[in-house]
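S.K.: Quick one: the structure is below, and I'll ask about it shortly.
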Amino acid sequence: MTSPVGLHRVLAPAGVLPQAAERLDARPEIGADEVRIAVERLNLDAASFRQLRDKHGGDGDAVRAEVLEIVGRRGKMHNPVTGSGGMLIGTVDEVGPRSPLGLRPGDRVATLVSLTLTPLRIAGTSWDGRGEQVPCTGHAILFARSVAAVLPDDLDPRLALAVLDVCGAPALTARVVRPGGSVAVLGAAGKSGSLSLAAARAAGAARTVGVVRDEAEAALLRGAGLAGEVVVADARDPVAVAAAVGEPVDLTVVCVDVPGCEHGAILATAAGGTVVFFSMATSFAAAALGAEGLAADVTMLVGNGYVPGHAAYALDLVREVSAVRKLFEGRLSA
């Protein structure tokens, strides 16, 4: 008997959900409410890829070998250091008769649930280990409670994959922005950061501040015109972040892929404001204790990657805001 949340796929330890499991059963045979996907490409999340790249000094062969080792050992792509994974695109291969996902064999889809809870086997790959997207063959399994989106016909699948990987960020940003208010985005030139800036503007933010790490990213963001103000600061330096942002903002969105950025986000946020953490590198203990230690009256939200309608919203932003699309396409070409 299958579980809608995938408990039957957990090999160890017993009694935990698939995301918390050490190992999953990635056998290709599906249950009545499961779906098997023929995998075409993985998109490793930014924090995980950065950690692997830094660990191996940019050696692509070593990065590729470790990713294959993780998937082979764990039955899923779940980086044991960052605790994060990513997502994938592929073609629906088989659908169980009781699957509620509405998918059909032949549909090209992106999974909108993390690879940390998705049973996965990689049969082969031509990946050079030097970028976040991993072309490969293999299969993945979706549960009854999984989420997937059929890929749009009007966008390059690589572009759609990159957008859908971070589609929760702009949707939640749009939900919590106060019309006429102010927003700062840390990591504003990246995927989730640029989408969050576009969402903040679309939702009526009057002041937008894009915080980036260096002048190269500042020039890129200024050229895109997505932020009213573009400032350079190390997101790990709380005093520098607060000074760069200036007047504290109503909402701070953290989209960086390195640890240690919690306190700067808190200092940059006005009393009664909100901080949204989208980075998988976030230490939520550091955020909570830091806010307490700073006597900061801020609401802190965890961007969990799912908001109803998030996929369609993000894809529409890319279609409608040419600057965002240009940034994404530039990252893909690089």
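S.K.: Which value in nm describes the separation of the simple spin-label points at Val16 and Ala312, placed 7 Å from the Cα toward the beta carbon?
M.R.: 3.6
S.K.: Gap in Å between the Cα centre of region 20-84 and the Cα centre of region 179-230?
M.R.: Measuring centre to centre over Cα atoms gives 31 Å.
S.K.: Another question, if that's okay. P(r) tail for region 185-334, what percent of Cα pairs lie past 22 Å?
M.R.: Of all Cα-Cα pairs in region 185-334, 35 percent lie more than 22 Å apart.
S.K.: Among 306-316, 7-17, 81-91, how do they line up from the highest to the lowest mean number of other beta-carbon atoms within 10 Å?
M.R.: Numbers: 306-316: 17.5, 7-17: 13.8, 81-91: 21.9.
Answer by packing, highest mean first, reads 81-91, 306-316, 7-17.
S.K.: Where both partners of a DSSP beta bridge lie in the chain, what percent of those bridges are antiparallel, to the nearest 5? Show your work: numbers first, answer last.
M.R.: Numbers: 29 of 51 bridges.
Once the DSSP bridges in the chain are tallied, antiparallel ones form about 55 percent.
S.K.: Suppose a student asked you for the relative contact order of the chain, using Cα pairs under 8 Å spaced at least 6 residues apart; what percent would you report? Can you show the working numbers first?
M.R.: Values: 783 pairs, mean separation 49.1, N = 334.
So the answer I get is 15 percent.
S.K.: Next up: Could you tell me what % of all Cα pairs in the chain have separations over 39 Å? It would help to have the intermediate numbers written out before the result.
M.R.: On the way: 7114 of 55611 pairs.
In whole percent, the share of Cα-Cα pairs in the chain beyond 39 Å is 13.
S.K.: How big is the Kirkwood radius of region 7-151, worked out from every pair of different alpha carbons and given in Å to one decimal? Let's see the in-between values first.
M.R.: Working: mean 1/r = 0.0664 Å⁻¹.
Mean inverse Cα-Cα distance, inverted, gives 15.1 Å.
S.K.: Starting from the exponent 0.38 and prefactor 2.2 Å, build the expected Rg for region 261-325 from its residue count and divide its actual Cα Rg by it. Mind dumping the intermediate values first?
M.R.: Details: Rg = 14.9 Å, N = 65, 2.2 N^0.38 = 10.7 Å.
Ratio of Rg to 2.2 N^0.38 Å for region 261-325: 1.38.
S.K.: I've got another one for you. How big is region 208-255 by Rg and Dmax over its Cα atoms, in Å?
M.R.: 10.2, 27
S.K.: Which value at 222 nm does the chain reach when only helices count, each DSSP H run of 4 or more adding -39,500 (n - 2.57), with the total divided by all residues and rounded to the nearest 500 deg cm²/dmol?
M.R.: On the way: 11 runs with 111 residues, N = 334.
Estimated from H runs of four or more residues: -10000 deg cm²/dmol.
S.K.: Let me ask something additional. 5 Å is the cut-off here: which amide hydrogens, built 1.01 Å from N in the peptide plane, fall below it relative to Thr274, excluding neighbours closer than 5 in sequence?
M.R.: HN-HN under 5 Å from Thr274: Leu251, Thr252, Thr299.
Read-outs throughout are calculated quantities, based only on the coordinates presented, and are distinct from any laboratory measurement. Everything numeric here is computed off the predicted structure, so don't read it as measured data. Glycine gets a Cβ as well: all are built from the backbone with ideal geometry, and neighbour counts include every protein chain shown.
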